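The values are calculated or read from the model by the stated rules, or taken from the named source; none is laboratory data. What you are looking at is a predicted structure, and each value in this text was computed from that prediction instead of being measured. Every residue, glycine among them, receives a Cβ derived from its backbone with ideal geometry; neighbour counts consider all protein chains shown.
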């Protein structure tokens, strides 16, 4: 039966001063080793190396309890073969180590050969001719919970010496436990962040999938086909189209449906960067490269390594930067501003512009060789006026989006409002349409967006020359007609209920409907 040896009490004054200094030095070295690495195994191996050199340790192990399987595994070891570490396992309460972890009590055994509980699972002890040795095993605790054990083999020693060693190892085990808890917290947080990162990447992939781009017109179907052809490749893409047509949305869709989806996607608006800073933003700079360069800066191309860089408004960059950009496209390399080291990058380039690059090449404002390197796979985004059938799809999408954001129960557009949306020429394209619907949702306090909720440019038709200026009588008549139609729609052609909705009599309602040429039977 395993019994803890009797303790021998010694006062601090009886401990030799040199021994106390050595113990303090040992604890300092172990503390430094535990904080040297974020990798738990590296730190624990370092601790065992220090114990081997400082305590004359022949072998040592740090075992960890798996609470799910109720199994004890050797996490790190000194003086044991790797095969033994992988294969040797203990059940809780099994052998000396299992008993220490089960009871939480440290033990010191003067002669391991005389201990019946010793199992010798590692098969490195009790070999023919192997000298006998002493054994110390202490629990590693997280609060009151035992999470593992620290054990060492030492040359034969007196019981008093083993007791001192047990006390010292107990202190070391407490330090290890605190380090294990801290690293476990870090590991859990890192795993949580990785899971959150995977979730966000999944959301981005779903958000920017081709199926989530709104539009079913023939021109948009051509765009979808082009995206599906190019997204799985590494080809350079040039997205053409007017401002507000959704060029950035196409770039997102290409990246998040490509093999580079898990790598960085860096966006750069070239028109928003000052001419004297754009080269530094794209390629980075070295410390002291120019006034104000107080430290080294990593450029966008380095940040996008193994991923994709989106250069919006590419037509606005200067000729001097175009030279370096051409080199990146051709050679996949560049130097930072003020630097001499050539940096290799693996970056896919997606560019976008609303300018006529062919005209810019003829005017020598844009390099022809760069244009041809960018124009490998062009995608043209049609303006909204060329995809009229998508206007209502987009309007309904934005209506649902902003009604939800503003907690409003707005279900649809009135017929005159739909007519205005369809007749407008939308010079700002989808961006203008979105802003228009957001404004209408904010102004609307009913369940239907009417024509008077839309911006003045749509109500009067002054911008598109599609609607003449209305007199007061005409405007009142249009509003009356719109209210009668909406009432009939809501009541499915029931004249009595429709009259109640607009707070008038059935006779007046039917008369005004006849004046406007409205047949209630069409709404049944």
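Of the residues making up the stretch 377-396, those that are surrounded by fewer than 16 Cβ atoms within 10 Å (Cβ to Cβ), within 16 Å of residue 435 (Cα to Cα) and in contact (Cβ under 8 Å) with a residue 24 or more places away in the chain are 392, 393. The residue that is nearest to residue 178 (Cα to Cα), among those in the stretch 111-141 that are modelled with pLDDT of 85 or more and in contact with a strand residue (DSSP E or B) (Cβ under 6 Å, 6 or more places away or on another chain), is 140. Checking the stated criteria, residue 144 turns out not to satisfy the condition of being at pLDDT below 75 and either within 17 Å of residue 106 (Cβ to Cβ) or not assigned by TED's automatic domain parsing to the domain that holds residue 51 (or both). For the stretch 269-299, the set of residues classified as within 17 Å of residue 323 (Cβ to Cβ) and under 22 Å from the mean Cα position of the chain (by Cα) consists of 299 only.
Before we move on, is residue 371 farther than 17 Å from residue 434 by Cα and out of contact with any strand residue (DSSP E or B) (no Cβ under 8 Å at 6 or more places or on another chain)?
yes
Of the candidates 376, 361, the single residue that is touching a strand residue (DSSP E or B) at 6+ places or on another chain (Cβ under 9 Å) and modelled with pLDDT of 90 or more is 376. For the stretch 67-121, how many residues are free of Cβ contacts under 8 Å to residues at least 24 places away in the same chain, more than 26 Å from residue 164 (Cα to Cα) and part of a loop (DSSP other than H, G, I, E, B)? The number of residues fulfilling the criteria is 4. For residue 149, indicate whether it is modelled with pLDDT of 85 or more, over 18 Å from residue 72 (Cα atoms), in the same structural domain as residue 56 (by TED's automatic domain parsing) and assigned to a strand (DSSP E or B). No; evaluated as a whole, the condition is false for this residue.
Take the conditions under 18 Å from residue 416 (Cα atoms) and either surrounded by 15 or more Cβ atoms within 10 Å (Cβ to Cβ) or under 52 Å from the mean Cα position of the chain (by Cα) (or both) and apply them to residue 494. Does it pass? So residue 494 does not fit the description; no.
Results for (1) surrounded by 14 or more Cβ atoms within 10 Å (Cβ to Cβ); (2) outside any loop (DSSP other than H, G, I, E, B); (3) over 35 Å from the mean Cα position of the chain (by Cα), shown as yes or no for each residue.
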{"site": "343", "(1), (2), (3)": "yes, yes, no"}
{"site": "349", "(1), (2), (3)": "yes, yes, no"}
{"site": "366", "(1), (2), (3)": "yes, no, yes"}
{"site": "370", "(1), (2), (3)": "yes, yes, no"}
{"site": "407", "(1), (2), (3)": "no, no, no"}
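Being in contact with a helix residue (DSSP H, G or I) (Cβ under 7 Å, 6 or more places away or on another chain) and modelled with pLDDT under 85 is a description that does not apply to residue 457. Within the stretch 283-302, being surrounded by 15 or more Cβ atoms within 10 Å (Cβ to Cβ) and more than 18 Å from residue 340 (Cβ to Cβ) holds for one residue alone: 300.
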